[in-house]
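Read the structure below first, then the notes.
The values are calculated or read from the model by the stated rules, or taken from the named source; none is laboratory data. Keep in mind it's a predicted model, so treat the numbers as computed, not measured. Because the Cβ atoms are built from the backbone with ideal geometry, glycine has one as well, and the counts that use them run over all protein chains shown.
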Amino acid sequence: MTDVTRRFGATEALRGLSWTARAGEVTCVLGPNGAGKTTAVEVATGLQAPDGGTVRVLGTDPWHAPAGHRARVGVMLQDGGLPQAVRPGQLLSHLARFWADPADVPALVTRLGIDAFLGTPVRRLSGGQRQRVALAAALVGRPDVVFLDEPTAGLDPHARREVHALIREVADAGAATVVTSHSFEEAERLADRVVVIVGGRVAAEGTVTEVAGGRGLEDAYFALTDGVAR
């Protein structure tokens, strides 16, 4: 996206935001609460229209994208967006039917530990369990671009480690993989590139080493966000 703006009344959520995610890489987007991370993801996935600037995903404007484009993009939002009455097994099997070459659903279910609650309605799942189902739903179509909004929030350390490994594999298979996070450890473990958003603008972008600037990523982040509510 290039010079993207997004306003909600008098509030500017995005103020000339410009950054790029590359195929085959994990791009971690960091920033304080309210910095514009989720808005940026929703604009990039066509869930919101920008008020200005240019957005291109797989060469297409996502706001006007046809169904064929949307089928190539996997999305996991913070609230999950999952139907509450359905069971995870039913949901993932149903979603897999939309693609000619979906991921191996039983393998994905086992990998993410979803088999332990496969028959439980989504509304009865814990926050961490819903996170795993939402991640599986985002990946089941083998997308070319993946947007994951805080995918490890609420997960225990073992589940977090497995999710990290899976995200890395998705990127290594060629997908442009965007992960928003509040975790410096997660960014250091996963990221090929880091984007720090502050006040709706990009405060820093580059490899972990470039953004850290010899200080460590956490110290660099707090220097960039000094004075911003966290």
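In the condition set (1) surrounded by fewer than 20 Cβ atoms within 10 Å (Cβ to Cβ); (2) within 26 Å of R15 (Cβ to Cβ), T177 is compliant with all but (1). Of the residues in the range 178-217, how many are over 9 Å from T27 (Cα atoms) and in contact with a His (Cβ under 9 Å, 6 or more places away or on another chain)? So the count comes out to 2. The test for being among the polar types (S, T, N, Q) and more than 29 Å from F222 (Cβ to Cβ) does not hold for T180. Would you mind stating whether T54 is out of contact with any helix residue (DSSP H, G or I) (no Cβ under 7 Å at 6 or more places or on another chain), without any contact (Cβ under 8 Å) to a residue 24 or more places away in the chain and not small (G, A, S)? When the stated conditions are applied, T54 does not pass them.
Among the residues of the range 100-126, the one identified as in a helix (DSSP H, G or I), more than 19 Å from E169 (Cβ to Cβ) and β-branched (V, I, T) is V122. Taking first residues from the range 186-205 that are more than 12 Å from W19 (Cβ to Cβ) and surrounded by fewer than 18 Cβ atoms within 10 Å (Cβ to Cβ) and partners that are acidic (D, E) and at pLDDT 95 or above, the Cβ contacts under 6 Å between residues at least 6 apart in sequence or on separate chains come to D192/E25.
Restricting V122, V146 to those that are farther than 22 Å from T38 by Cα and crowded, with 19+ Cβ neighbours inside 10 Å reduces the list to V122. Figure legend. Inter-residue proximity from the range 71-92: first residues of a type in the set (S, T, N, Q), second residues not in a loop (DSSP other than H, G, I, E, B), beta-carbon distance below 6 Å, spacing 6+ or different chains. Indicated pairs: Q78/D149; Q84/V122; Q84/R123.
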